[in-house]
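Note sheet for the following structure.
The values are calculated or read from the model by the stated rules, or taken from the named source; none is laboratory data. Here the structure is a predicted model, which means the values were calculated and not measured. Backbone-built Cβ (ideal geometry, glycine too); neighbour counts: all protein chains shown.
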Amino acid sequence: MSKNAFFVGAMVVSSLAGTVASANWGLKYEVSTDGITWKPVVAAAPLAQVHFRMSAYFDIGTKVQTADGIGDAVVFSRFTGQQQITGMVAGDVIGSMQRLTPQGNSALLTVSGNLIGGTSVTSFATNLLLNLNPYIASPLTETAILRGVVTVGTDATTRTLVVKNNVFGVGTSMPGLRFYSSLSGSSLLAAAPIDTAARSDILGTILVSDGSSCPPVDSITASGGGTTQPSQSIAIHAVADDAVFYIWTKGGSDLSNSVRQQGVYTSTLSISDPFPSDAGTYEVRVYDACGNQTMSGPVVVTVVCGADLSRNGVVDDTDFILFGAAYSQLECPGSQCAGDLNVDGLVDDADFVLFAAEYSDFTCPS
Ligand SMILES: [Ca+2]
Ligand SMILES: [Ca+2]
């Protein structure tokens, strides 16, 4: 990797933590040095062209309401809004814009300085479908909408470019994102997700360094973790000298921020409202100013007392009622399935055995 490197990363912002989250959905921005392999973090030489793209995504279990009723999002339908790249200096140029959806208008790709798309909500991209059945059978949770290139100028000033949304359509007439509903097989209706508070955009970040100073990460430690339960929260901390970027991983896979999981791209990862599925081995990957990577050792998180579905520290009749409702549903919506105590994607008899044991104990172990 070149010492004189630009350093490209990605980070996430999301809505504030609150009650137990419903599924996440929103816009996802990614970066790439070759326009083929999209990563949360890449490095590029000065004057290199950094590719970026924007997609729409939703987690399984995202609800949309149409005239057909409340169904699950199954595939992207329409985006309305404008993008921006903040932190640019003279000489940094956006170009090579392409729409990646079948339909849309020319305003979607209009570039003016650091803005992409119409200044009012007049730029859109559409995925007009005539048959939803393939997506109802197998939802398409991510759809690329547009892509472009930032040509970094000769200015070697250390700076951070962030690729993000600027204007997002609102209301029922022009919502920023619409998804087709699983209930709309014949009528082909689409709508914005019901829980708008769950929108969580994944931003692309380009860290530009002059490469004149690139101290390596010589030491890295990750600590924290341990045992937690649904009524608590837990944090994992990293200490790494000369790290300029962090990405937390779980079981070897990069994480992304969500309402419950914050700080994925910072030195502290925090998890609120723990679910049994949050148990596992966490590590953090850090980058120096030239994009060289260092991995921390593992930190283990254990989740106990998953049967406390009401999250008040005891397992009692209230939880029994909640478990019964989850058991009736059987199938889990997404990764936050209350009642799936053995984390196999179903709420069934195996979970009931685990629930009964914790119900007998009443008080969650501290
Ligand atoms: Ca409880
Ligand atoms: Ca289960």
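Pull up segment 113-140, narrow it to residues that are buried (at least 18 other Cβ atoms within 10 Å of the Cβ) and β-branched (Val, Ile, Thr), then point me to the one that is nearest to Ile94 (Cα to Cα). Among residues in segment 113-140 that are buried (at least 18 other Cβ atoms within 10 Å of the Cβ) and β-branched (Val, Ile, Thr), the one nearest to Ile94 (Cα to Cα) is Ile116.
Residues that are under 27 Å from Gly87 (Cβ atoms), touching a residue at least 40 places away in the same chain (Cβ under 8 Å) and outside any strand (DSSP E or B): does segment 171-188 have at least one? I'd like the intermediate steps shown before the answer.
So in segment 171-188, the residues under 27 Å from Gly87 (Cβ atoms) come out as 176-177.
With the extra rule that they be touching a residue at least 40 places away in the same chain (Cβ under 8 Å), the set shrinks to 176-177.
Okay, now just the ones that are also outside any strand (DSSP E or B), so 176.
Yes, the conditions are met somewhere in segment 171-188.
Can you find even one residue in segment 184-195 that is under 13 Å from Leu27 (Cβ atoms) and polar (S, T, N, Q)? No, because not a single residue in segment 184-195 is under 13 Å from Leu27 (Cβ atoms) and polar (S, T, N, Q). Checked against (1) without any contact (Cβ under 8 Å) to a residue 24 or more places away in the chain; (2) within 15 Å of ligand 2 (Cβ to nearest atom); (3) on the phi < 0 side of the Ramachandran plot, Tyr327 meets all criteria but (1). The sole residue among Val152, Val170 that is of a type in the set (Val, Ile, Thr) and farther than 19 Å from Lys63 by Cβ is Val152. Taken over segment 190-229, residues that are assigned to a loop (DSSP other than H, G, I, E, B) and either of a type in the set (S, T, N, Q) or within 22 Å of the chain's Cα centre (by Cα) (or both) amount to 11.
When only residues in segment 248-268 that are within 21 Å of Arg199 (Cβ to Cβ) and free of Cβ contacts under 8 Å to residues at least 60 places away in the same chain count, which is surrounded by the most Cβ atoms within 10 Å (Cβ to Cβ)? Spell out the reasoning first.
Applying the first criterion (within 21 Å of Arg199 (Cβ to Cβ)) to segment 248-268 yields 254-266.
Applying the additional criterion that residues be free of Cβ contacts under 8 Å to residues at least 60 places away in the same chain yields 255, 261, 263, 266.
Details: Leu255: 20, Gln261: 24, Gly263: 19, Thr266: 17.
Checking each candidate, the answer is Gln261.
Being in a loop (DSSP other than H, G, I, E, B), over 22 Å from the mean Cα position of the chain (by Cα) and either of a type in the set (Gly, Ala, Ser) or not assigned by TED's automatic domain parsing to the domain that holds Gly339 (or both), is that true of even one residue in segment 242-250? Yes, the conditions are met somewhere in segment 242-250.
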